[in-house]
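**Student:** I have a structure I would like to understand better, so I am pasting it below and will then ask my questions one at a time.
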Amino acid sequence: MPHPTFAYAELYATSVDVPVVKVPLTTENYAFDLQSMQKVADDFDGISLFYLCNPNNPTSTITDTEKLKEWVGHAPSNHYFLLDEAYSEYVTDPSFESGVAWIREEYSENIVVVRTFSKLCALAGMRVGYAVASPQMIARLEAFISIDNTNLSGAVAALATLDDEAFLALSLRTANQSRQLVEQTLDELGLRYLPSQASFIFHEIKGDVQTYIDRMREHGIAVGREFAPISGFNRLTLGRPDEMAVFVEVLKSFREKGWV
Ligand SMILES: Cc1ncc(COP(=O)(O)O)c(C=O)c1O
């Protein structure tokens, strides 16, 4: 897995004693170091599973589609790819391609794409998600899945949400408005950020980040955290536009005090 990334794959793997190798993001643009990850697996003669979160959490950036497709398409038969597309609905970069398209095409046997209703669909409390893979892969996965894993309320809510185009459009539109407002403010304040393709933004904070987090909390705002080993950046989840309007006012007041 790349490092940093969303931690759950690692937590599940280590709970069943599967060794996890963490490959740092590149230092120039915090991208996945595909070559180094491939090398780690090439040097190991067992089965490797690459956990690739695209867009990545916490950086909110996508991985170069051509490079990823090339790698997935030419991987040896003992290399598998778990593509976590929890945030794919937010992607605006036209170069992005979902692994689902590759499963439908030729690279089907070594990919599992996972998606969730927790983000754009706003159903995190309902615990509904799904995997997309070839029928053969799904049959193999089924041996490890508990039989009664989806609760009725979650299933009903998920189906209702899929039909609720107006809500999904509202969810996306407001996330985009929130992102625009935050990016505009960060630009004004000269704070760098990575190109956000998700419902959060990874941005620079001048000064000690933990002090910043504490001060925000004193103002009733729960911002995210730093993700070692990247220092000086904070992960901010995008709330509703009215919530982000409060955030930007507080951030600007911090600048006036010389805190950020
Ligand atoms: C990349 C990524 N995958 C999965 C999840 C969790 O999804 P779920 O609520 O379906 O467990 C998150 C939540 O933060 C996430 O960031």
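Here, each number is a calculation from the coordinates, and none is a lab measurement. Note that the coordinates shown come from a computational prediction; the quantities given were computed from them, not determined experimentally. Here the Cβ is made from the backbone with ideal geometry for all residues, glycine too, and neighbour counts use every protein chain on show.
**Student:** How about the stretch 33-138: which GluC sites (Glu not before Pro) there lie in a loop by DSSP and see at most 12 other Cβ atoms within 10 Å? Intermediate results must be reported in sequence, preceding the final value.
**Tutor:** Working: sites: E66, E70, E85, E89, E97, E105, E106, E109; in loops: E85, E97, E105, E106.
Here the GluC sites (Glu not before Pro) that fit, given the DSSP loop and packing criteria, are E105, E106.
**Student:** Can you give the extra length, in nm with one decimal, that the chain gains between L189 and V40 once fully stretched, where that is 0.36 nm per residue apart less the Cα-Cα distance?
**Tutor:** Extending this stretch completely gives an extra 49.6 nm.
**Student:** Also, quick follow-up: Mean-square fluctuation check for the chain, GNM, Cα pairs under 10 Å: which of G224, G99, G207 is largest?
**Tutor:** Highest fluctuation among the options: G207.
**Student:** Another question about this same structure. Give the lysines reachable from K206 as a straight Cα distance under 17 Å; neighbours fewer than 8 places away on the same chain don't count.
**Tutor:** Correct list for K206: K252, K257.
**Student:** Hey, which lysines would be in cross-link range of K22, C-alpha to C-alpha under 25 Å, not counting anything within fewer than 8 residues on its own chain?
**Tutor:** Within the straight-line cut-off, K22 pairs with K39, K67, K69.
**Student:** Bin width 5 Å, alpha-carbon pairs only: give the P(r) of the stretch 137-260 as whole percents, running from 0 to the bin holding the largest distance.
**Tutor:** 2, 9, 16, 18, 14, 9, 10, 10, 7, 4, 1, 0
**Student:** Another question about this same structure. Pick from N54, N78, N234 the residue whose mean-square fluctuation is largest in a GNM of the chain, springs joining Cα atoms under 10 Å.
**Tutor:** Comparing N54, N78, N234 in the GNM, the peak value goes to N78.
**Student:** A further question follows. Where is the GNM fluctuation largest for the chain (alpha-carbon springs, 10 angstrom cutoff): I201, I213, I62?
**Tutor:** Top of the fluctuation ranking is I213.
**Student:** Can you list residues from other chains, or at least 5 along the same chain, whose modelled amide H is less than 5 Å from the amide H of Y80?
**Tutor:** Here S48, L49, F50 satisfy the definition.
**Student:** The stretch 1-17 to the stretch 183-246: how many Å between their Cα centroids?
**Tutor:** About 24 Å separates the Cα centre of the stretch 1-17 from the one of the stretch 183-246.
**Student:** Which value results when the Cα radius of gyration for the chain is divided by 2.2 N^0.38 Å?
**Tutor:** That works out to 1.07 for the chain.
**Student:** Classify the stretch 1-137 as rounded, prolate or oblate, taking a ≥ b ≥ c as the square roots of the eigenvalues of its Cα gyration tensor: rounded when a/c is under 1.5, otherwise prolate if a/b is larger than b/c and oblate if not. Walk me through the numbers before you get to the answer.
**Tutor:** Values: a/c = 1.23, a/b = 1.22, b/c = 1.01.
Here the stretch 1-137 falls in the rounded category.
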